[in-house]
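Accompanying notes for the structure given below.
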Amino acid sequence: MRWRHPVLAGLISALIALTAAAEEAGISVRDAWVRETPPGMTMTAGYMVLQNKTSRPHVLVAASSSGFETVTIHRSIAKQGMTGMEHAPQIELLPNASLLFAPGGYHLMLSNPKRALHAGDRVDITLKFRGGLALPVTYEVRK
Amino acid sequence: MVKKISLKFIVMMTAVALAAMLCGAWLAAVYRESGSRAIFLPDRVMTLLPDPKPLAAFAFTDHENREFGLSRLNGKWSFLFFGYTHCPDICPTTLATLARVRENIAKGAAGAKDVQFVFISVDPNRDTAGKLRQYVTYFDASFLGVTGDDAQLGNLAGELGAAYQVEVKPGMESYPVYHTAAVFLVDPRARYHAVFAPPFDAEGISRRFEVLRALEGPKAT
């Protein structure tokens with residue numbers, strides 16, 4: 001498709017950009033927190049409520065942070081009467097739905113923090129969705 | 001090192017559940033209204049063993065590098081929890097809850113002097129005494145961290161109907177660990193007395209424990 005009218009072309013691209021921004025605004029996070037690490041410990045977890053206020057499903061595929069060596073999306077599971085964890089390579093976030101990341105369920109597994117985390121600190125983690133959408137989130141460190 | 005005693009666990013738990021159902025005495029709940037007596041009700045939080053089960057001897061080492069054997073369970077109510085310090089979700093959540101349980105019990109009239117909380121690491125490969133000390137005392141200064149070799153861990157876990165599995169792979173710094181999420185209660189005569197099932201709620205556990213201790217008090221010590 002060729003747009004001969006530059007004004008119309010400009011309007012269309014502005015509209016697309018706006019849509020993308022709106023989409024981004026449609027996914028939000030509340031109650032984001034990371035558990036304080038006991039002294040000398042290298043593992044902790046991040047929790048949140050992930051909300052999709054759009055009318056389309058979104059798929060969370062990864063998370064990253066410069067504050068940790070690795071960030072992995074995990075889920076605590078029951079296996080033969082025991083508890084363990086499994087990697088969740090992708091999590092579908094249904095339209096107009098919320099997904100709870102909470103102790104005993106989905107969590108961001110955070111390993112080898114670059115500095116010790118104390119209650120009240122803030123940690124930035126970027127959530128990545130299929131299609132390239134990236135959502136930066138600030139997590140509060142809590143005991 | 002791969003430890004798997006899940007079949008034993010299932011058989012054991014089934015036996016415990018059946019026995020408890022037959023006896024019809026699942027759980028202690030007490031109504032303290034005037035004129036009422038203690039009654040037993042089914043309960044999802046705490047399951048009492050119909051017959052408290054004496055534990056066999058074991059040899060662990062605690063976070064101060066002291067021996068931790070059966071005699072350390074005598075004279076105190078012990079809350080036992082299996083886990084590992086590299087556990088990011090379940091273990092810190094449970095230990096934080098147990099710290100509140102202890103706080104509640106300590107605030108009560110009978111206090112917490114006859115109560116101890118023992119974190120049993122199933123990952124002795126990474127959990128040295130030093131690591132365990134840093135870890136457990138962070139949650140509560142009185143908490144104990146213990147571990148032992150696979151045979152010792154396996155024996156105690158088997159007696160409690162607990163299970164664990166450590167999938168150590170050579171050269172791997174991180175590896176999967178599975179463990180029973182329940183909290184076990186051993187009475188002051190070193191008998192397995194009750195088990196608490198997750199999800200845990202500090203008030204739910206401490207209230208039931210205080211009732212049980214009051215009922216068992218003279219018998220148990």
Residue within region B:90-108 that is crowded, with 17+ Cβ neighbours inside 10 Å, among the small types (G, A, S) and within 14 Å of chain A (Cβ to nearest Cβ) present: yes
Test: residue in region B:147-156 that is in contact (Cβ under 8 Å) with a residue 12 or more places away in the chain, buried (at least 17 other Cβ atoms within 10 Å of the Cβ) and either within 14 Å of another protein chain (Cβ to nearest Cβ) or of a type in the set (D, E) (or both): yes
Selection within region A:54-89 - more than 14 Å from chain B (Cβ to nearest Cβ), open to solvent by 20 Å² or more (accessible area, probe 1.4 Å) and in a strand (DSSP E or B): A:V59, A:V61, A:A62, A:S64
Test: A:L100 is under 27 Å from B:F139 (Cβ atoms) and under 14 Å from the mean Cα position of the chain (by Cα): yes
Pair list, Cβ < 7 Å and 6+ apart or interchain, from region B:177-203 residues that are within 11 Å of another protein chain (Cβ to nearest Cβ) to residues that are among the aromatic types (F, W, Y): B:V177/B:Y84; B:Y178/B:Y164; B:H179/B:F82; B:H179/B:Y164; B:T180/B:F82; B:T180/B:Y164; B:A182/B:F196
The listed residue being away from every other protein chain (no Cβ under 11 Å), open to solvent by 10 Å² or more (accessible area, probe 1.4 Å), over 23 Å from B:L70 (Cβ atoms) and of a type in the set (K, R), out of B:K169, B:K131: B:K169
Matching residues, region A:15-35, being within 14 Å of chain B (Cβ to nearest Cβ) and either modelled with pLDDT under 90 or surrounded by 19 or more Cβ atoms within 10 Å (Cβ to Cβ) (or both): A:V34, A:R35
Whichever residue in region A:90-106 is outside any strand (DSSP E or B), open to solvent by 70 Å² or more (accessible area, probe 1.4 Å) and not aliphatic (A, V, I, L, M) and, among such residues, is nearest to B:C91 (Cα to Cα): A:Q90
Count of region A:107-122 residues which are outside any loop (DSSP other than H, G, I, E, B) and more than 12 Å from every other protein chain (Cβ to nearest Cβ): 1
Conditions (1) at negative phi; (2) in contact with a strand residue (DSSP E or B) (Cβ under 9 Å, 6 or more places away or on another chain): number failed by A:N112: (1)
Complete set of residues in region A:38-47 that are surrounded by 23 or more Cβ atoms within 10 Å (Cβ to Cβ) and more than 7 Å from chain B (Cβ to nearest Cβ): A:G46
The listed residue being open to solvent by less than 10 Å² (accessible area, probe 1.4 Å), within 12 Å of chain A (Cβ to nearest Cβ) and in contact (Cβ under 8 Å) with a residue 60 or more places away in the chain, out of B:F119, B:F60, B:F81, B:F68: B:F81
Residue that is nearest to the other protein chains (Cβ to nearest Cβ) [pool: residues in region A:124-134 that are under 15 Å from A:Y47 (Cα atoms) and touching a Ser or Thr at 6+ places or on another chain (Cβ under 7 Å)]: A:I125
Flag for B:P199 being under 15 Å from the mean Cα position of the chain (by Cα) and not small (G, A, S): yes
Residue in region A:120-131 that is surrounded by 14 or more Cβ atoms within 10 Å (Cβ to Cβ) and more than 13 Å from the chain's Cα centre (by Cα) present: yes
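The values are calculated or read from the model by the stated rules, or taken from the named source; none is laboratory data. These numbers were taken from a predicted model, which means no experiment stands behind them. Neighbour counts run over all protein chains shown; Cβ positions are idealised from the backbone, glycine included. To get the accessible areas, we keep the full protein, side chains included, count just its heavy atoms, and leave off ligands, DNA and RNA. Shrake-Rupley method; radii C 1.70, N 1.55, O 1.52, S 1.80 Å.
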